[in-house]
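Right, one structure below, let's go through it.
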Amino acid sequence: MARRKARKNTKKKTTIRIPLAPFSNKAIVTTVTGISVFVLGVSLFTIPLIFISEFNYEFDFPKYCVIIFSGIILGVLFIVRTILTTKKSLLQSPIIILVITFLLTYILSSIFSLSPIVSIIGLHGKWILGLLSVICFCIITIVTANVVNPKKDLEIISWFVTLSCMLGLSAALISRYILKDDIFFIDHRLSSTEGHPIHMGIFLSLAFPLTTGLIDKYQKIYIRIFLIVILAMEIFSIILTFSRGAWLACLLGAIFFVIYLIRKTSDKRKRIGITLIAFTLLLLTFLVPKTASRLSETWKTEREENSVSIRLSEWKSTLQVFAERPLTGTGPEMLYTRLPKYREKWLNKTPDWVLNTAYTRNTYLHLLATVGVIGTLPFLGLALFIIIKLLRRMFSFDMLSFGFSVAMLIWFFNLLHYHPTPSSFLFGAVLIGITTCLLAPPKRIYTTKKIPGTLVLIVPVILSVLAFWSAGNYISAEYLFSKSLSQSPGAAISTLIETIRRNPYEQVYYRQKAYFLYTFLEENTEYVPKTETTNQIKSALKSALTLNIHDPNTYETTGNILYKLDLLYPNDKYIDQAIPYGEKAIELDPNHPVPHDSLGLYYMEAKRYNSAIKEFDKAIELKDDFWGSYLHKSEVLIQQEHYEEALEYLETVRDKSLNPLQVNLAVQRISYLKGLKSD
């Protein structure tokens, strides 16, 4: 019997088993969690340091790519973690429920948008608060809420943000004060690698509470000195941005920290000392003669004098857009097509008159107009819930957690006076996730499921490949479009064909293709087939209009190209096709001088001189220094042989215009008219 048992035991020991999972599920989950926190930190570190070129400033596209890739990577890692673990109570947090509700209502508003394609996929989805960016925002928020451990990971994230500030500000300050180069400044206002002074101010207002909280974590004097130097750089740089919203946010954060320190200190003399030091430093900062002088100069400029009035005008127009579709709104990123209709005339006298407003500098009103009541209520509920909960509990947190709480409150404050920049957008997603961790009950100890972990990895790998392939096409299309703008017309057309193949839902690509086709036709009239090329131009313009029939810019572009074709082929009567597009552009953007001037040119080409004069007069009425309309009206008057009146308009352009081309043209026409008189 003993020998038989020994043989059985020997057989059991020598049996070879091939494991399905060489790594334990617990090890995989731990690794995935660590990588997720690292990705969050690296994203926050990277996004402020990406320098925006002048071309990409409008869409912040390089920074937007960071948000896309962060959302994809974190989403895939979260799928792995979710599959391998049991559900946790944190997912039932009211904050997460409100975030998911906000996303669902955003999707609903996109479906019922004025142009669903544009809202979901198209060009203006690159704007922050487009559907694609909001999906990434919600993914990052949910992942942060689930993977961040407030006791371990807040310090890591704070260091990433602090070091990013140090590098960006060091580059800017060294460039300005040592190398004497203003590359990181715009109109003497610090923009650094954020590309715009207000963007920089908003980011710094969120970063300085984290640096302040980090100082308290270390007892070693050299680390504290290092962090205090960075904090001083941040506060000094906030002043140099000359962003009043950022100053108010900084002041709000400073007040919270003073209250926190007073509550944590039992000694009354220390309390008084903290208060006096805080407000003395604040007064010294803003009473430095050079700073005060610079402030007075900034506020004297036309741009700054009008800043409050411009915002009020934008808010008024936004509410008028909201009144059109109060329930579901215009759809994400469709506000830019409706705001021009309500644009006030006096804005034409401001420095930024030429810009078509694509957003309103109040995120809450922007949401109200674009996603309506159904999309705004969940976000307002989220904001109110977080603010009330934090004000009740934040003073019981340790210093670093308190710093994150202050940054969260500042983030909601900044939405009152500006739209979220890419950096603050990503920052806000992480802050909401961390706030969920801080306010949620303690996490339950989760257990791993009894399934092979390495086999589970196959699913997210496939998903990540598909996601990166789609994102790669999306991003490479924008790169090719940027490249086409510096190419010859023939090469640009080939590049744009490939661009459209990668992203066929982008109306600007079609508009630019039509423009290059016309330019190529104009430069090679003798060699290029006329009928085929003009048909391609019309097809490209039609595709652009199909993607968004509410965009005044597309109607104006279509009219301008048809007008130019008429100049090239006057017998084909393209001008009769151009006029309806010009009229539609004015219907959508009635208070901007450019559409009126363009329509006036169409009427002039069609020899409808009285109608042309009315449009030029309207353009001049809307903007009395719109010298192009003066020149165009003088041409009509010459055609009507009203030489004296034409001479008056030309002399006005010669004496007042700052554009040398316009001045030279006016001088030539004046010489021509005087020659007629002498004859």
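The values are calculated or read from the model by the stated rules, or taken from the named source; none is laboratory data. Here the structure is a predicted model, which is why all the values come from computation and not from measurement. Cβ sites come from the backbone with ideal geometry, for glycine too, and all protein chains shown count toward neighbours. Accessible surface areas use protein heavy atoms only, side chains included; no ligands, DNA or RNA. Shrake-Rupley method; radii C 1.70, N 1.55, O 1.52, S 1.80 Å.
The table that follows gives values for the structure above.
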{"quantity": "Residue check, K674 surrounded by fewer than 17 Cβ atoms within 10 Å (Cβ to Cβ) and either part of a helix (DSSP H, G or I) or of a type outside the set (K, R) (or both)", "calculated": "yes"}
{"quantity": "Any pair with Cβ under 6 angstrom, 6 or more apart, that starts in segment 127-149 at a residue that is within 16 Å of I107 (Cα to Cα) and ends at one that is small (G, A, S) and open to solvent by 10 Å² or more (accessible area, probe 1.4 Å)", "calculated": "I139/G75"}
{"quantity": "Complete set of residues in segment 466-482 that are of a type outside the set (A, V, I, L, M) and under 21 Å from the mean Cα position of the chain (by Cα)", "calculated": "S470, G472, N473, Y474, S476, E478, Y479, F481, S482"}
{"quantity": "Breaking point among (1) in a loop (DSSP other than H, G, I, E, B); (2) in contact with a helix residue (DSSP H, G or I) (Cβ under 9 Å, 6 or more places away or on another chain); (3) open to solvent by 70 Å² or more (accessible area, probe 1.4 Å), for L567", "calculated": "(1)"}
{"quantity": "Total residues in segment 494-532, condition farther than 19 Å from I475 by Cα and among the β-branched types (V, I, T)", "calculated": "4"}
{"quantity": "Yes/no for I68 being exposed (fewer than 14 other Cβ atoms within 10 Å of the Cβ) and modelled with pLDDT of 85 or more", "calculated": "no"}
{"quantity": "Yes/no for S36 being at pLDDT 90 or above and either over 20 Å from the mean Cα position of the chain (by Cα) or surrounded by 13 or more Cβ atoms within 10 Å (Cβ to Cβ) (or both)", "calculated": "yes"}
{"quantity": "Qualifying residue in segment 599-617 (condition: open to solvent by 50 Å² or more (accessible area, probe 1.4 Å), part of a loop (DSSP other than H, G, I, E, B) and farther than 16 Å from V653 by Cα)", "calculated": "yes"}
{"quantity": "Helices (runs of 4 or more DSSP H) lying entirely in segment 286-385 (those with 3 or more residues that are at pLDDT below 75 and either farther than 15 Å from L129 by Cβ or not hydroxyl-bearing (S, T, Y) (or both))", "calculated": "289-300, 302-305"}
{"quantity": "Output for segment 495-532, where each listed residue is of a type in the set (F, W, Y) and either modelled with pLDDT of 90 or more or under 30 Å from S470 (Cα atoms) (or both)", "calculated": "Y505, Y509, Y510, Y515, F516, Y518, F520"}
{"quantity": "Subset tally (residues that are open to solvent by 20 Å² or more (accessible area, probe 1.4 Å) and assigned to a helix (DSSP H, G or I)) for segment 412-436", "calculated": "1"}
{"quantity": "Odd one out for H596 among (1) in contact with a Lys or Arg (Cβ under 7 Å, 6 or more places away or on another chain); (2) over 28 Å from K542 (Cβ atoms); (3) modelled with pLDDT of 90 or more", "calculated": "(2)"}
{"quantity": "Any hit, segment 629-644, residues being outside any helix (DSSP H, G or I), touching a residue at least 24 places away in the same chain (Cβ under 8 Å), over 28 Å from L541 (Cβ atoms) and under 33 Å from the mean Cα position of the chain (by Cα)", "calculated": "no"}
{"quantity": "Selection within segment 653-679 - among the β-branched types (V, I, T) and touching a residue at least 24 places away in the same chain (Cβ under 8 Å)", "calculated": "V653"}
{"quantity": "Residue that is least open to solvent (accessible area, probe 1.4 Å), among those in segment 189-243 that are of a type in the set (F, W, Y) and out of contact with any Cys (no Cβ under 9 Å at 6 or more places or on another chain)", "calculated": "F242"}
{"quantity": "Residue within segment 445-453 that is at pLDDT 90 or above and either under 27 Å from the mean Cα position of the chain (by Cα) or not aromatic (F, W, Y) (or both) present", "calculated": "no"}
{"quantity": "Output for segment 71-126, where each listed residue is modelled with pLDDT of 90 or more, open to solvent by 30 Å² or more (accessible area, probe 1.4 Å) and of a type in the set (F, W, Y)", "calculated": "F112"}
